[in-house]
1. Treating only the Cα positions of region 1-115 as identical point scatterers, give the base-10 log of I(q)/I(0) from the Debye formula at each q in 0.24 Å⁻¹.
2. Let me cross-check Phe111: its accessible surface, 1.4 Å probe, with only protein heavy atoms counted, in Å² to the nearest 10?
3. Keeping every protein chain present and rolling a 1.4 Å probe, give me the accessible area per residue for region 40-124 in Å².
4. Taking Cα centroids, how far is region 13-33 from region 147-199 in Å?
5. Under 5 Å between amide H atoms, partner at least 5 residues away or on a different chain: which partners does Val196 have, H built in plane at 1.01 Å?
6. Could you tell me the accessible area of Val37 in Å² (1.4 Å probe, neighbours in place), rounded to the nearest ten?
7. Return the calculated 222 nm mean residue ellipticity for the chain, to the nearest 500 deg cm²/dmol, obtained by summing -39500 (n - 2.57) across DSSP H runs with n ≥ 4 and dividing by the residue count.
8. Would you mind checking region 118-153 for residues with the amide N under 14 Å from a putative spin-label position 7 Å along Cα→C-beta of Lys15?
Amino acid sequence: MELKVLKIDGTESGKTVVLEEKVFGITPNDHAIYLDVVQYLANQRQGTSKTKDRSEVSYSTKKLGRQKGGGGARHGSLKANIFVGGGRVFGPKPRTYTSKLNKKVKQLARFSALSYKAQENAIKIVEPFAMEAPKTKELLKIVDALKAGNRKVLIVLPENSTNIFLSSRNIPEVKVITVNEISTYVLMNAYSLVLVDGVQDILASRVNS
């Protein structure tokens with residue numbers, strides 16, 4: 001697949017790039033995408049929910065009443081779950097939700113997501129650019145000039161640029177990441193993809209790596 005490289009003002013630079021078929025032109029595997037997205041979301045969970053059971057609540061263990069003749073249930077402690085402030089039965093305990101996924105499956109998922117974006121003509125290639133200072137308006141102007149749309153634009157840089165990142169923080173529909181931060185989830189969560197020239201070569205170098 002061949003794409004024209006654009007300048008930040010939206011005009012053509014005269015340069016074209018060829019996207020690697022093994023990265024941007026494969027038959028997408030929906031199940032691999034599903035597995036990778038589920039793993040990503042599971043790994044975001046903290047798993048710190050915790051409630052006290054009857055062995056942990058602070059109450060007297062004195063027997064409430066005699067065993068027989070009370071006309072009701074035979075309670076032995078206020079720690080029982082049926083009392084207000086008593087311990088909870090089968091409550092949540094701290095746990096980890098992290099899971100592992102085969103490296104080849106993760107790679108297949110990411111390349112499938114990139115191939116979907118290529119099929120939808122949702123990829124733009126832009127010349128490398130820099131910002132002298134964090135300027136939200138300037139970054140918005142660039143996004144508008146590239147006609148990347150106004151719904152969840154993902155800008156991928158070959159390396160970290162603090163000023164570009166800071167410029168995007170106050171724009172809900174624009175997310176800036178480096179090529180090393182690419183995941184299936186962020187790709188599928190974006191409607192359009194803006195790759196700074198050079199990112200496609202880094203991705204192509206990771207085929208079967």
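The values are calculated or read from the model by the stated rules, or taken from the named source; none is laboratory data. Because the structure is predicted, anything quoted here is derived from the model rather than measured. Don't worry about glycine lacking a Cβ; one is built from the backbone with ideal geometry, like all the others, and counts go over all protein chains shown. These area figures cover heavy atoms from the full protein model, side chains too; ligands, DNA and RNA do not enter into them. Shrake-Rupley method; radii C 1.70, N 1.55, O 1.52, S 1.80 Å.
1. Relative scattering, expressed as log10 I(q)/I(0), comes to -1.19.
2. Phe111 has an accessible surface of roughly 20 Å² with all protein chains in place.
3. Details: 6220 Å² over 85 residues.
Ligands and nucleic acids excluded, the figure is 73 Å² per residue.
4. A separation of 17 Å, based on Cα centres.
5. Val126, Val156
6. So the heavy atoms of Val37 present about 30 Å² to solvent.
7. Details: 7 runs with 64 residues, N = 209.
Per the formula, -8500 deg cm²/dmol.
8. Within reach of a label on Lys15, which here means backbone N under 14 Å from a point 7 Å along Cα→Cβ, region 118-153 contributes 125-130.
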